[in-house]
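All remarks here apply to the structure that follows.
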């Protein structure tokens, strides 16, 4: 399982880079908006320095094929060919995914809400598919079933595409996506924080610490 961080906040990325087996960082225009008016490519370059060999996924904003391709070219020129270009699976987006893959550019097909969008993205050669888990649930779409169907299609066609599940509200949704075969997930810092905030975890740590101290009268092993 690959774990990615869905944020542009440099402090949070630095914090979780030290904790997680971080496979990458994903961004989109809504996430960028939270950071205010920034020098985007300078900021993204700083993120690359922090995450090292981990992947960076950057989303286009154009709506026509020509505009999307121009966005992709700018991203590649500024950040390097190893960057994953996030392209929504619309008609123009799908045409662009085909074009970018012919050029050997890495692509994450995003804004996936339906099995059919995913099937098309797989056939177009997208490296990652990003189904929006919580957003699907809000539309009364069974997100777990969609992910399972896309995983089955990847296996059936021997595709190299992987599922990068996104848009999570809680850890339970993440667990479901993993059970259904998603190879990667991207989570906001708040969802990662949920995973560590269970009171029982800290209680176990406190009990172990206190039992050690009561037995050996020290705070840690090397004392």
Q | Where residue 105 falls short, out of the listed (1) under 19 Å from residue 32 (Cβ atoms); (2) buried (at least 20 other Cβ atoms within 10 Å of the Cβ) | A | (1)
Q. Any residue at all in the range 26-42 that is at pLDDT 95 or above and touching a strand residue (DSSP E or B) at 6+ places or on another chain (Cβ under 7 Å)?
A. yes
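Looking at the range 153-177, which of its residues are more than 27 Å from residue 101 (Cα to Cα) and either in contact with a helix residue (DSSP H, G or I) (Cβ under 8 Å, 6 or more places away or on another chain) or surrounded by 16 or more Cβ atoms within 10 Å (Cβ to Cβ) (or both)? Show your work before the answer.
Just the residues of the range 153-177 that are more than 27 Å from residue 101 (Cα to Cα), to begin with: 168-176.
168, 169, 170, 171, 173, 174, 176, listed by residue number.
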(Q) Taking the criterion of being buried (at least 19 other Cβ atoms within 10 Å of the Cβ), assigned to a helix (DSSP H, G or I), at pLDDT 90 or above and out of contact with any strand residue (DSSP E or B) (no Cβ under 7 Å at 6 or more places or on another chain), would at least one residue in the range 179-188 satisfy it? (A) no
Q) Limited to the range 134-173, what total is found for residues that are within 14 Å of residue 187 (Cα to Cα) and part of a helix (DSSP H, G or I)? A) 5
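Filter the range 5-37 for residues that are farther than 26 Å from residue 196 by Cβ, in contact with a helix residue (DSSP H, G or I) (Cβ under 9 Å, 6 or more places away or on another chain) and free of Cβ contacts under 8 Å to residues at least 24 places away in the same chain and give the result. Write out each step before concluding.
Keep residues of the range 5-37 that are farther than 26 Å from residue 196 by Cβ, which gives 29, 32-33, 36-37.
Cutting the leftovers down to in contact with a helix residue (DSSP H, G or I) (Cβ under 9 Å, 6 or more places away or on another chain) gives us 32.
The answer is none; no residue qualifies.
How many residues, within the range 95-113, are touching a strand residue (DSSP E or B) at 6+ places or on another chain (Cβ under 9 Å) and either under 22 Å from residue 167 (Cα atoms) or assigned to a loop (DSSP other than H, G, I, E, B) (or both)? First the steps, then the outcome.
Going residue by residue through the range 95-113, those that are touching a strand residue (DSSP E or B) at 6+ places or on another chain (Cβ under 9 Å) are 96-97, 100-101, 105-113.
Still in the running and either under 22 Å from residue 167 (Cα atoms) or assigned to a loop (DSSP other than H, G, I, E, B) (or both): 97, 105-113.
Result for the range 95-113: 10.
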Q | Within the range 1-15, tally of residues that are modelled with pLDDT of 95 or more, farther than 11 Å from residue 190 by Cα and buried (at least 21 other Cβ atoms within 10 Å of the Cβ) | A | 1
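The values are calculated or read from the model by the stated rules, or taken from the named source; none is laboratory data. Just so we're clear, the structure is a prediction, and the values are computed from it rather than from any experiment. With ideal geometry, Cβ positions are generated from the backbone for all residues, glycine too; neighbour counts draw on all protein chains shown.
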